[in-house]
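J.: Quick one: structure below, then a few questions.
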Amino acid sequence: MKERREYRCTRNALYMHDCTGHDDTRERQGYYVWASSEEEAWEQMATRYPNETVDGFTTQEWEGFNVIIREIKPSD
């Protein structure tokens, strides 16, 4: 069985107009899916958004990271 990886996918249909997300996928809202390949990640997006398959989706392997959130209070 192939190793599953996390992929960041975006919906091309939402960014077809003149906007920052048109050319820069970093500006797009991402959807994070676990899949065995980019093709499988694309297929998962197509299942979620079947009316957008003509415009397609971007998929890129993603490496998540651990985030630590700490509350910082002002000192007196």
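The values are calculated or read from the model by the stated rules, or taken from the named source; none is laboratory data. Keep in mind that what you see is a predicted model, and the values were worked out from it rather than measured. Quick reminder, even Gly has a Cβ in these numbers, built from the backbone with ideal geometry, and neighbours come from all protein chains shown. In case anyone asks, the SASA skips ligands and DNA or RNA and just uses the protein heavy atoms, side chains included. Shrake-Rupley method; radii C 1.70, N 1.55, O 1.52, S 1.80 Å.
J.: Only residues in region 53-69 that are open to solvent by 60 Å² or more (accessible area, probe 1.4 Å) count as the first member; pair them with residues that are among the polar types (S, T, N, Q), Cβ under 6 angstrom, at least 6 apart or cross-chain, and list the lot.
T.: Filtered contacts from region 53-69: ASP55/ASN12.
J.: Could you check region 13-43 and list, in sequence order, the residues that are open to solvent by less than 30 Å² (accessible area, probe 1.4 Å) and either at pLDDT below 90 or touching a strand residue (DSSP E or B) at 6+ places or on another chain (Cβ under 7 Å) (or both)?
T.: GLY21, ARG28, GLY30, VAL33, ALA35, ALA41
J.: Is region 44-51 home to any residue that is under 14 Å from LEU14 (Cβ atoms), touching a strand residue (DSSP E or B) at 6+ places or on another chain (Cβ under 8 Å), of a type in the set (Gly, Ala, Ser) and surrounded by 11 or more Cβ atoms within 10 Å (Cβ to Cβ)?
T.: Within region 44-51, not a single residue is under 14 Å from LEU14 (Cβ atoms), touching a strand residue (DSSP E or B) at 6+ places or on another chain (Cβ under 8 Å), of a type in the set (Gly, Ala, Ser) and surrounded by 11 or more Cβ atoms within 10 Å (Cβ to Cβ).
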